Amino acid sequence: MKVLIISNGEIKDYGFYKNIVEEVDMVICADGGANHAYKMKIRPFLIIGDFDSVDREVLEFYKEEGVKIEKHPTMKDETDTQLALKKAIELGAKDITFIGVIGDRFDHSYANLSLLLYSLKRGVKSRIINEKNEIHLIDDYIEIEGKKGELLSLLPYSGEVKGIYTKGLFYPLSGQSMSMENPYGISNVFTEEKASIKIEEGFLLVIKPKD
């Protein structure tokens, strides 16, 4: 099951996400993510959180529409997006896309990378998308599509990533390692319409950026 999780971070171009919405089986909103869903004319399956950021009118609208509402206390260990992720996995999600999880707050944006790690460790495919980035986290292998000349950055998410192998990129890697203190994988370039990346040890961020 493919699930879209919408959070309360920055979304500038709602039209950008139209195809993504059409491809998923379920939408879950993390608190103020419901504000985005309302503007996108999406009827989510569930709104979950402590409801400190969702507009009252939006919440009431979705209640009247019969959308499931799950309220949690403000004093909690998990963020609203973490709650949404746990619920998605509980419901059987095998492929999760997060939007609205990147914004001006670097601490929130960085912390949300942990969503990818949480998913990965539970065998669930996931990615973070906004208008400028598509972010994956791997501990083994990925194939990612792109156009020739587009950028693809490879960055360590663990202290060291060992045995990195790539195909379809201008700067090839054939077993090299990469450390967090020397993240030399910025701005590689697609030479084919599909790139493959394999690693032997560690966690590697695979980021498809747009300038």
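The values are calculated or read from the model by the stated rules, or taken from the named source; none is laboratory data. None of the values given here were measured: they were computed from a predicted structure. Every residue, glycine as well, gets a Cβ built from its backbone with ideal geometry; the counts of neighbours run over all protein chains shown. These accessible areas exclude ligands, DNA and RNA; they are computed on the full protein's heavy atoms, side chains included. Shrake-Rupley method; radii C 1.70, N 1.55, O 1.52, S 1.80 Å.
Proximity of backbone amide H atoms, modeled 1.01 Å from N, is registered between residue 55 and 35 at under 5 Å, excluding neighbours fewer than 5 places apart on the same chain. With the dipole of the chain worked out from charges on the C-beta (+1 for Lys and Arg, -1 for Asp and Glu) around the Cα centre, which of 106, 33, 67 lies farthest toward the positive end? Farthest towards the positive pole: 67.
Between the C-alpha center of segment 192-211 and that of segment 21-35 there is a gap of 26 Å. Maximal additional length on extending the residue 131-residue 63 stretch stands at 21.5 nm, based on 0.36 nm per residue less the C-alpha distance.
For the chain, the Cβ-based charge dipole about the Cα centre amounts to some 400 debye (Lys, Arg positive; Asp, Glu negative; other atoms uncharged).
For the cross-link pairs 18/94; 121/208; 76/167, the ones whose C-alpha atoms lie over 32 Å apart are 76/167.
Excluding ligands, DNA and RNA, the accessible surface per residue across the chain is 53 Å² with a 1.4 Å probe.
Please state, as a whole number in µm²/s, the translational diffusion coefficient that the Stokes-Einstein equation yields for the chain at 4 °C and 1.567 mPa s, with Rh defined as the Kirkwood radius across alpha carbon pairs. Mind showing how you got there, number by number?
On the way: Rh = 17.9 Å.
This corresponds to a translational diffusion coefficient of 72 µm²/s.
For segment 89-110 versus segment 139-162, the spacing of their alpha-carbon centroids is 19 Å. Rounded to the nearest 20, the size of the Cβ-charge dipole of segment 62-158 about its Cα centre is 160 debye, with Lys and Arg at +1 and Asp and Glu at -1.
Rounded to a whole number, what % of the accessible area of the chain do carbon and sulfur atoms account for, probe 1.4 Å? Don't skip to the end; give the middle numbers.
On the way: 5500 of 11190 Å².
Summing carbon and sulfur atoms, their accessible area is 49 percent of the total for the chain.
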